[in-house]
Each structure stands twice: as structure tokens, then as C-alpha cells.
Amino acid sequence: MEIYGMALAGRPGHDAAYDLLERAYRQSVGGPLPPVLQAEGGKPYFLRGRMQFSLSHTRTAAFCVLSRQPVGIDAETVRPVQRRVALRTMNEPELRWLDAQPDADVGFLTLWTAKEAWSKLTGRGLRWQPRAIELTCDPLGVPGEAARFTTRTVGDVIVTVCTRTAEPAEWRWLNTAGSFESLP
């Protein structure tokens, strides 16, 4: 699995994410990006080939992940989150876990990005009810489901990737010279 990121530098996030996908695909596979279609639920996919992908962006960065298995990614800038938002989107076990975290904002955004990445993996998109997805929090998981989460902070952004099975992750960042460099 390869996870790519880039700074937006004033570009619209959606456009930057697709530009990043095109560059990442060329870097990973060595050929042009195949046509991208959308499934009925809105999940984008390649018309041909075995690679799967997912996209996310914040105000400052875009991310994509390429894998040979179904995959989902979400990114959120670390920021204060009001308690009422957590009450609307998290269920009781998740709220208890959040209450025990040293930084409730980072805890909330970690759970939120996991729920979003899971919904992208499954193709549910943004039409789902976040409280309906119950996560195990330590470690992150979905009870009764094959779900593996990889979470990392890149600058001031929390990025979470979800796959069905464990898979090594290579993290790369598009530098100002237009080439990818590995993130440690």
C-alpha cells in the first residue's frame, strides 16, 4: 500500500487530490491513470486494472492511497472540536474512550478519520450515520469486521487509512521540486 500526500498551495482540494492520484499512479504503476468511474454509492474506482484507491483532502493538504485491495483514507486538520459534535457522532464506548484521552481533539479526529476511512473502504460514502459505526478504540477496529487501520499525523493533519487485511504502508510526500520523497 502506498500513501501519497502533497501541500495544496492555494489549489482546490478536490482538483489537487486527483492531480496527486495521477502522479501517484504514474509513480507506482508506471503508466497513465486509467479512467475513473463512480459506483452507485459514489465510491470512485478505476475502470480497469487491479489497483484500488481512495482520496481525501483538507484545506492545506491532499492525500491518496493506492493498494491492490479495497482501501479507504480520510484526513482532518487538528483543531478544537466541540463536545456536542462528539455527542452527535460517537457512541457511548467511543465517548468513554475520548474522555480518557490526554487530548480529546486528537482523539476525536482519530476516531472520525477512522469512521470516514471505513465508510470509504465499504463504499458507504457520506450518507451513513457516524454513530452507527461502532469502533473498538484500543486498537482501532470494527467489531465483527475485517478492518485494519493505520493512523499517522503529517504536519498538523491526522491521516487514517483502512484496509481489510494488514498491509505494509509506504508514505510519500510530493516535494516542491515535483518528486516524491519518503516520509520516515
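Structure values in brief
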item	result
Radius, Kirkwood style, for the chain when every pair of distinct Cα atoms is counted (Å)	16.8 Å
Rounded accessible area of Leu87 (nearest 10 Å², 1.4 Å probe)	80 Å²
Under-5 Å amide H pairs with Ala147, H placed in peptide plane, nonlocal only	Val142
Rounded to whole Hz, the Karplus (6.51, -1.76, 1.60) HN-Hα couplings of region 13-18, x for glycine and proline	x, 4, 5, 5, 5, 6
Segment Val85-Asp19, extension gain: residue separation times 0.36 nm, minus the distance between their alpha carbons	20.6 nm
Solvent-accessible area of Lys43 with every protein chain in place, 1.4 Å probe, in Å² to the nearest 10	50 Å²
Charge dipole of region 13-144 about the Cα centre (unit charges at C-beta), most positive-ward option of Ala104, Trp118, Met90	Trp118
Gain on full stretching of the segment that runs from Glu40 to Ala132 - 0.36 nm per residue minus C-alpha separation	31.0 nm
With every protein chain in place, the chain: carbon and sulfur % of accessible area (1.4 Å)	51 percent
Residue-by-residue Karplus 3J(HN,Hα) for region 76-85, coefficients 6.51, -1.76, 1.60, Hz, glycine and proline x	9, 6, 5, 7, x, 10, 6, 4, 4, 5
Length added when fully stretched, Leu183-Thr153, from 0.36 nm per residue minus Cα-Cα	9.7 nm
Shape parameters for region 113-184, alpha-carbon atoms, Rg then Dmax in Å	14.2, 45
Whole-Hz couplings from phi, Karplus 6.51/-1.76/1.60, listed for region 19-36; x for Gly and Pro	5, 4, 4, 4, 5, 5, 4, 4, 5, 7, 9, x, x, x, 5, x, x, 10
Tyr45, Tyr18, Tyr4, reordered so the largest accessible area comes first (probe 1.4 Å)	Tyr45, Tyr18, Tyr4
Virtual paramagnetic centre 7 Å along Cα→Cβ of Asn175, amide N under 16 Å, in region 1-31	5-7
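The values are calculated or read from the model by the stated rules, or taken from the named source; none is laboratory data. These numbers were taken from a predicted model, which means no experiment stands behind them. Heads up, the Cβs are rebuilt from the backbone with ideal geometry, glycines too, and the neighbour counts pull from every protein chain shown. Please note that ligands, DNA and RNA were not included when accessible areas were found on the heavy atoms of the full protein model with its side chains. Shrake-Rupley method; radii C 1.70, N 1.55, O 1.52, S 1.80 Å.
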